[in-house]
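I have placed the structure first, in the form of structure tokens, so that the comments after it can refer back to it.
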Amino acid sequence: MAQIDAFFKLMNDEGASDLHMVAGQQPVLRVRGDMERVKFRAMGEDELKSMLYEICPEEKIKRFEEIGDIDFGYEIPGLARYRCNFFWQKYGIGAVFREIPSKIMSCTELGLPKVISRLAQLPKGLVLVTGPTGSGKSTTLAAIIDEANRTRKDHILTVEDPIEFVHKSQQCVVNHREVGTHTESFSAALRGALREDPDIIMVGEMRDLETISLALEAAMTGHLVFGTLHTMNAMKTVDRVIEIFPASQQGQVRSSLADSLKAVVSQTLFKRVDVKGRCAALEVLIATAAVRNLIRDGKTFQIASVMQTGKKYGMQTLDDAIEGYLEKGMISPNDAYSNCINKAKFLNFLTKAPTDFTEV
């Protein structure tokens, strides 16, 4: 048993999502969004480095000492997996660990809209799950992949950095590939994927032009592709995909995206006030004929109004999802106001002036 496993056990017991360890400081847990110091002494540089290196593969240590930061996965059987990041900072070594539950929750258990589980049954196309860091994108995506794994008879290929949720093959054959361990990069893995007979491809992060281009190509050639982006809502997601390409290619990309896009799920995580825990407010865009035409014509600013009128297809705006939670007393008015799109709509819920003076 590694020394650091005791901190992971504490993390699990406290329901923390993240553990921060920095030389010269006490360990810190992120519990329901808030940072809370652990009652433990501040560790020195050498002590912390020894503890961290104990769980890090040797080739990753070498890479870390060359470039200054690394990502890798670590698992404690029967407890959880952890996404680990080591980095150098002003006062020495630091590390952040994100807990990945060993049990994959279903769409129903997560309380996701019914249309989300239906995305797992799509024959082909591109589905994007987006949101800020720590908003639960990986959890939602894992629930969708799990639905496909249980109900389809296909080949699922995931490309991640590092591997997070581990799916055991059920009805499907599931293969996990980790960037830096099993493949050189996301783009290299996607180029190889087209020769590996996949039906469903999950890209852990679409972070650059080449990866996005290859994901679009895979979706256009008859595969079902799931990917994540760090964008705030559906409209900005569509714009982000298009704008990463050179201006000379954007017209063609609009057409390709209009043809291949099936859905965008954008989510924001909220701290609950009625019970301990958090909940995700989802914006859902389904690529109907009207949405495709807006993308093709460069009128993405009109997507929000299509979502308002497309509820029968399972669409919903982020503000509608937030308002629903607010009316049920699940989240605070201040959190709702801070994360909504249309600020004026939520002013009446506030008992005092908004704290964000830039929005006044």
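Here, each number is a calculation from the coordinates, and none is a lab measurement. What you are looking at is a predicted structure, and each value in this text was computed from that prediction instead of being measured. Note that we place each Cβ from the backbone using ideal geometry, even for glycine, and neighbour counts take in every protein chain shown.
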For the residue pair residue 247 and residue 342, what label-to-label distance in nm results when each label sits 7 Å from Cα along the Cα-to-beta-carbon direction? 3.4
Under the Karplus relation 6.51 cos²θ - 1.76 cosθ + 1.60, θ = phi - 60°, what is the ordered set of whole-Hz ³J(HN,Hα) values for region 298-306, x standing for Gly and Pro? x, 10, 5, 5, 8, 4, 4, 5, 5
Measuring from centroid to centroid over Cα atoms, what is the spacing of region 256-308 and region 1-47 in Å? 36
Residue 85-residue 39 pseudo-label distance in nm [points 7 Å out on the Cα-to-Cβ vector]: 3.0
Sparsely packed trypsin sites (Lys or Arg not before Pro) within region 1-83, loop by DSSP, other Cβ within 10 Å at most 14: 39, 41
Give the relative contact order (percent, whole number) for the chain; include only Cα pairs under 8 Å separated by 6+ residues. 12
With unit charges on the beta carbon (Lys/Arg positive, Asp/Glu negative), name the residue among 94, 129, 329 whose Cα is farthest towards the positive pole of the charge dipole of the chain. 329
One finds the C-alpha centres of region 102-159 and region 161-229 to be spaced, in Å, by 14
Can you tell which of 31, 43, 57 lies farthest toward the positive end of the dipole of region 21-131, using +1 and -1 charges on the Cβ of basic and acidic side chains (Lys, Arg; Asp, Glu)? 31
Can you match Rg/Rh (Cα atoms, Kirkwood Rh) to one of these, (i) 0.99; (ii) 0.97; (iii) 1.06, based on a calculation from the structure here? (ii)
